1. If I go through region B:101-128 residue by residue, how many of them are in contact (Cβ under 8 Å) with a residue 24 or more places away in the chain, within 7 Å of chain A (Cβ to nearest Cβ), surrounded by 21 or more Cβ atoms within 10 Å (Cβ to Cβ) and farther than 21 Å from residue B:162 by Cβ?
2. So which residues in region A:246-261 are within 18 Å of residue A:78 (Cβ to Cβ) and out of contact with any helix residue (DSSP H, G or I) (no Cβ under 7 Å at 6 or more places or on another chain)?
3. Examine region B:129-148 for a residue that is without any contact (Cβ under 8 Å) to a residue 24 or more places away in the chain, on the phi < 0 side of the Ramachandran plot, out of contact with any strand residue (DSSP E or B) (no Cβ under 7 Å at 6 or more places or on another chain) and within 9 Å of chain A (Cβ to nearest Cβ), and state whether such a residue exists.
4. Any idea which residue in region B:152-175 is surrounded by the most Cβ atoms within 10 Å (Cβ to Cβ), counting only those that are assigned to a helix (DSSP H, G or I) and touching a helix residue (DSSP H, G or I) at 6+ places or on another chain (Cβ under 7 Å)?
5. Just checking, does region A:132-155 include any residue being in a loop (DSSP other than H, G, I, E, B), surrounded by 24 or more Cβ atoms within 10 Å (Cβ to Cβ) and not assigned by TED's automatic domain parsing to the domain that holds residue A:518?
6. For region A:157-169, state whether one or more residues are crowded, with 23+ Cβ neighbours inside 10 Å and at pLDDT 90 or above.
7. Determine which member of the set B:367, B:371, B:360 is touching a helix residue (DSSP H, G or I) at 6+ places or on another chain (Cβ under 9 Å) and at pLDDT below 80.
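The values are calculated or read from the model by the stated rules, or taken from the named source; none is laboratory data. From a predicted model like this one, the values you see are computed outputs, not experimental measurements. Positions of Cβ are backbone-derived with ideal geometry, glycine not excepted, and every protein chain shown enters the neighbour counts.
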């Protein structure tokens, strides 16, 4: 008796434990659960569902389809729609063609080189899309390096601005990192020794690739293609700056219609765009499903190989004859092309920012800090920058809170709840941004929220949500719940076990999620453009204004300063980060 | 008498990864129909040796041949060798039947034949009717059986197994061991089985090859490698073993090895020209407790018991002797007295039973089967 008393006194366990009644636990659990669901419903209801409903209702006239009939009867509009979709398909195809061998090359590299390659592919995210597109205008523009190169090859061209090729090049630049990374992740999951097994089963290299490797990357390829396709179809900045009026897209058309408050036309076009992308994705998905369908396999007997489509198998056999060295060179070359395409504008950014002349041009004429002085002395830039940073932090905080609740509900909820939450969280990726922007604009106008800081932050949060959701969901899924049990058995209270065990393990996922959401908000232009109204200025909005006015090197200066700031910040973070094994 | 070529023959095979030699000048013959277990601690180079045989890696030097054919530079797809890995490596996007049928399909066998062969192979591993299952629906043991069926479906003359049962729990492992034994007996395929579990190696193999640091210190029947280990490492890796150093003294018509302050006789045997300093191995179960020291001809040690371990049918005693730490394993009967820690006991053995072993720096080149076709036995180490 005395011994147990001492023992319990030492370890700090209370000698009598007051048990929670099951009713208490039940009440607590349900109130937390209901609170979570209410928050999710409110957020997704106002920011996701309502805008989509509004877009749909605004597009209807009397008779219901009148607006659609009118739009689709206009040859100019259908031509623009076709061009938009064709551009998106072409961009998807090119990124896949370069990205697949490039991603393959990365999987076959040593760890060190792999990290370098991935870092190089992620480098452009240091600066915003607007800045990069702006630099591309110099690269592709009058007397720029590309025109010079073409002239050397005997092709006489004034400039690639305003051409379809120019738009394609820049869109490929924008979406290539996404494609390569998605493919890389799906390829990395394949155990290399599977190829060994295939080889000792008698498969040649090509056959092993086609029968074992390729099918396992189908889903990753499909996902990458869908993401790139949707992004390219909904892109605004690149077609607007590079393509200009001669390469009009549906998105630009919607912009113009909204600018003159042609709600019905804008909503109709948004729905048409949405339907067009959905149709093409459905066709693509059907092809992938047809190829992979496990049901079809079992129906036709066990030996039927549904993925042994004859031309592809022939391809495999042909590929086996290609010498190993050639394949190596091809994949490495693809990676080199990818990295060059992705990183070139960043390298030229500094050059553009340091030039003395008040025009955007490459090659530059001399060096000068003139434009740096101009930017620093201009309080407009500073104000816009501060506002963007504030907006980024608030929207990332919202995205992380909502994303955590969503991931938590998806993690512990039933299958229906999981399906609903996951679809809602991924919806921003599946719907072209302009469709949202249209709906949100209408909703915010009717609620009087235009130009409201928190309302804009919430809209940004929705766009960052898919990424936050993925990271947090993966973090939650990889947390072994038994660790909490262990902590409890070691005497930790619920709070202690959260703070000392669960939180430190989830923290990296949260940090990445927060950072990505911050970047999404910091970059966002299309939605902000509508919701900001007059007087609310963010950095992308100010930059856009810059491209519309005078194309001065100020933009490059701001871009360089952002890059420098981010580099300094990450260096500081690396230095100040608590060393492993030391208390924070 | 025609000499059948061995199923697998390695000649001075060498494989280096950067600075490290994973396999160092290994020579090994595996006769047709043999069940060779390759055992050694992790990092010994077992898997590399297997990869060399399968052709996944090419040797830096030496020759790999199968059935008398030099295959050193032949890619794996032309070798017809079955391979089973520990983590099964089934193709996750294919059904069970597609996985098993894969090797046949790659060899352009017609569909009807594939179907019957797949059914046969699945029946062989007792998974008949699993054809349409997805790989993800299978349990660990079932996956390993599918991998086995896939490796065997093309009737390869040689099957390589790289710790195939390592991920399974004990009961399942024992059941699978029985099945492997049966399969081997039925098919007559040459099995080369890598494991780090010495019990598995001894109980499964018709021949055991012990590997360490890229070399094979000993290859022989399970009995040979256990009863007459060639080196101190082999003695201590395959079951526990007491190994003592002693000095050689010639006696009448024999030689004795003595050690310790009391000049205990460790070993007695015919004089074959031994080095002045040698190692002697005595397995714990060759030792016996000799309470009154009456038995004739025993070498004896006074042992202070430091720890006893109850093992059901036997008792394991650890203690300190004048020669250092000693391990004794004695049979146990119900109600028998059990020495307590701290107690002094007398331990004895017949010095004729003890075995001379090489120190580990000495790694003899394994030259078995040379000019001998019909036997898998190797000679006891020549000292």
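1. 2
2. Step one: of region A:246-261, the residues within 18 Å of residue A:78 (Cβ to Cβ) are A:246-254, A:256-257.
If the condition is that a residue be within 18 Å of residue A:78 (Cβ to Cβ) and out of contact with any helix residue (DSSP H, G or I) (no Cβ under 7 Å at 6 or more places or on another chain), then A:246, A:256 are the ones that fit.
3. The answer is no; no qualifying residue exists.
4. Of region B:152-175, the ones assigned to a helix (DSSP H, G or I) are B:152, B:170-175.
When the remaining residues are screened for being touching a helix residue (DSSP H, G or I) at 6+ places or on another chain (Cβ under 7 Å), the result is B:152, B:172.
Values: B:152: 21, B:172: 15.
Checked region B:152-175; the qualifying residue surrounded by the most Cβ atoms within 10 Å (Cβ to Cβ) is B:152.
5. No, the conditions are met nowhere in region A:132-155.
6. yes
7. Numbers: B:367 fails: touching a helix residue (DSSP H, G or I) at 6+ places or on another chain (Cβ under 9 Å); B:371 fails: touching a helix residue (DSSP H, G or I) at 6+ places or on another chain (Cβ under 9 Å).
It is B:360.
A quick yes/no check of all residues on (1) in contact (Cβ under 8 Å) with a residue 12 or more places away in the chain; (2) within 9 Å of another protein chain (Cβ to nearest Cβ); (3) under 30 Å from residue A:165 (Cα atoms); (4) touching a strand residue (DSSP E or B) at 6+ places or on another chain (Cβ under 6 Å):
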{"position": "A:185", "(1), (2), (3), (4)": "yes, no, yes, no"}
{"position": "A:188", "(1), (2), (3), (4)": "yes, no, no, no"}
{"position": "A:191", "(1), (2), (3), (4)": "no, yes, no, no"}
{"position": "A:200", "(1), (2), (3), (4)": "no, yes, no, yes"}
{"position": "A:203", "(1), (2), (3), (4)": "no, yes, no, no"}
{"position": "A:211", "(1), (2), (3), (4)": "yes, yes, no, no"}
{"position": "A:225", "(1), (2), (3), (4)": "yes, no, yes, no"}
{"position": "A:234", "(1), (2), (3), (4)": "yes, no, yes, no"}
